[in-house]
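So the structure is just underneath, and the comments pick up after that.
Only the coordinates and a few stated rules stand behind these numbers; no lab work does. The structure presented is a predicted model; accordingly, all values stated were derived computationally and were not measured. All Cβ positions, glycine included, derive from the backbone under ideal geometry; neighbour counts span all protein chains shown.
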Amino acid sequence: MFVRTTARDGIRRSTAARGLRATAVAMLAAAALASCTQDTPQDAASPRSSAPAAPSAAPVDNADQAEQAASEASEATQEPALPAEPAPEAVRDAFATLQATLNDTCTPGAGDCAYFLGRVTRELTELDEAMRADPKGPGHFKQPLADMKALFAKLGTDRSTPHLEKHFTAIVGTRDGINTWMQDHPDDYR
């Protein structure tokens, strides 16, 4: 067995220890590469994806590190991928929240419309997403989707209170029309 002393740190290292260290470094690099391809944004901050610790001089520690790296690489490939964003809610649930606004109203220009019109617009947007994602398909919800499309075309991207107040009648009319349509299709909300 060959022994060498480095001038920098005065540590004696054997050829066997260097071989184990090289193997451990290679396995850590492989584990890091595997985890990089599997990491989700949450995993990026985990200790597993941080830089590997400095290798130890003891052969037992190097072997333990190699085993740990292999184990972590295996775990990284077994973790389920998280969906990018949550799925739209069910039509029934989206309609229930819209329906909760039926007895609510406001007076445009009186300063009491910001919450109400913002909420109704948000509820209509969520119902639109739910209907498009429903297993029955958008063809089943043809009329309400057409009404919401017309409303969203009028509104554009401006969701400011003055703009929503300008379209008060269209917003409330769309909400009420969808409520009437849904009452004729109880299988969609019960």
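Take the Cβ atoms of A114 and Q143, set R0 to 30 Å, and the FRET efficiency comes out at 0.55. Projected label points at T125 and A170, each 7 Å from Cα along the beta carbon direction, are separated by 1.6 nanometres. For segment 94-189, the dipole from Cβ point charges (+1 on Lys and Arg, -1 on Asp and Glu) about the Cα centre works out to 300 debye, to the nearest 20. Packing-based ranking of 139-148, 177-186 yields 139-148, 177-186, ordered from highest to lowest mean Cβ neighbour count within 10 Å.
When each of the peptides 105-116, 162-173 is scored by how many other beta carbons lie within 10 Å of its residues on average, the order from highest to lowest is 162-173, 105-116.
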